[in-house]
1. Among DSSP beta bridges lying fully in the chain, give the percent that are antiparallel, nearest 5.
2. Return the loop-located GluC sites (Glu not before Pro) in segment 199-264 (DSSP other than H, G, I, E, B) with at most 13 other Cβ atoms within 10 Å of their own Cβ; answer none if there are none.
3. Which one, His88, Ala143, Ala158, projects farthest toward the positive side of the charge dipole computed for segment 85-158 from Cβ point charges (K/R +1, D/E -1)?
4. How far is the Cα center of segment 103-168 from the Cα center of segment 47-89, in Å?
5. Give me the distance in nm between label points sitting 7 Å out from Cα along the Cα-to-Cβ direction at Glu132 and Val60, one decimal.
6. Search the structure for amide H atoms under 5 Å from the amide H of Met151, placed 1.01 Å from N in the peptide plane, and list their residues when 5 or more places away or on another chain.
7. Per DSSP H run of at least 4 residues, take -39500 (n - 2.57); add these up for the chain, divide by its residues and hand me the 222 nm value, nearest 500 deg cm²/dmol.
8. As an exercise, take the mean of 1/r over every pair of distinct alpha carbons in segment 151-191, invert it, and state the Kirkwood radius in angstroms.
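Just so it is clear, none of the values below were taken in a lab; they were calculated from the coordinates. Note that this is a predicted model, so its numbers are computed, not measured. Using ideal geometry, Cβ is built from the backbone for each residue, glycine included, and neighbour counts are taken over all protein chains shown.
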Amino acid sequence: MTVSPFDHPYLSGLLGDEAVAALFSVAAELEAMLAFEVALARAEVEAGVIPAEAAGAIEVAAHRFSPDVASLRTATARDGVVVPDFVHQLRTAVGEPHGRHVHVGATSQDVVDSGLMLRLSRVLPVLENRLEGLASMLDGLAASFGGRALMGRTRMQAAIPITVADRVGAWRAPLERHCTRLSGLMEERFPVQFGGAAGTLEKLGEKAPAVRAALARNLGLADVPQWHGQRDRILDLAALLSGITGSLGKIGQDVALMADRGEEIALAGGGSSSAMPHKQNPVAAEGLVALARFNAAQLGGLAQAMVHEQERSGAAWTLEWLILPQMVVAAGAALRLADTLLSSIRRLGAD
């Protein structure tokens, strides 16, 4: 039994997404934190902050580094963040004389937030590819059934006749806009976070801008000034995730209503009932509605996490950890379920 349905032993079959969830696993998080430390060491060699031999030793140690996760758990309970013990263990693994060159000028939030940006940058292409696939599937449905009749309904009441192409077009248009927004985010690139203790990179002095630029380049992230307490980018992404699941939830709700009326749609498969063997429940459609409502509810929580007091907030930061990964996985799961649902459509509209 788990707390989250997204990694539950059987609920994850409906609501989970293994490919997206893998980017929020412990292994993925540790890999991203190690990538930050290796990239930082390389950047500081370029700027003349640490010797080249130190960066080489850090990289070698990182490749064979296997942290004591039990120790990380205990330390996180004490420190509120995993990085202090993580850095201590990595310095020990690097050993003398170069262990002291690990994490120079950085702070815990630099490691965690830059690692998050690395993982999010790998999520977006997955979401974009799935959205494009759904748009193509909708094009196929419009080509096959677009000329058939449907009753247009407003406020749940019969209005005037429309065509299948009208309704499918209304499903497709938001997906195209979401693709455009995702493409814009990928072109802009997620930002590196590098500010040191209080955002001023005081330990690096005049070399700070060069180190940050090289760090961003090494990680494939955008070089921007520190943003410890500026969480608008996180909220923008969350709004996009909620928009995606909301648009897919609208499709799910429409399909469920059409299936209820019987004559407007024919679906293959469907879920069985323990009490009524004759039923074929629109499980994928229902899942889309649930995930849309889930992400909409979480969006308010991330809006609360915008409120960081002064230069850094432990409380607001922790709130992000509770919410954002589940929103990302929910979006991935919704795209997966939408593919299942659209693939099951055998007929749309009246003959």
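1. 90
2. Working: sites: Glu202, Glu206, Glu263, Glu264; in loops: Glu202, Glu263, Glu264.
Answer in residue order: Glu202, Glu263.
3. Ala158
4. 38
5. 4.2
6. Counting only residues 5 or more places away or on other chains, the set is Ile162.
7. Numbers: 12 runs with 222 residues, N = 351.
Calculated at 222 nm, the ellipticity per residue is -21500 deg cm²/dmol.
8. On the way: mean 1/r = 0.0799 Å⁻¹.
For segment 151-191, inverting the mean 1/r across all distinct Cα pairs yields 12.5 Å.
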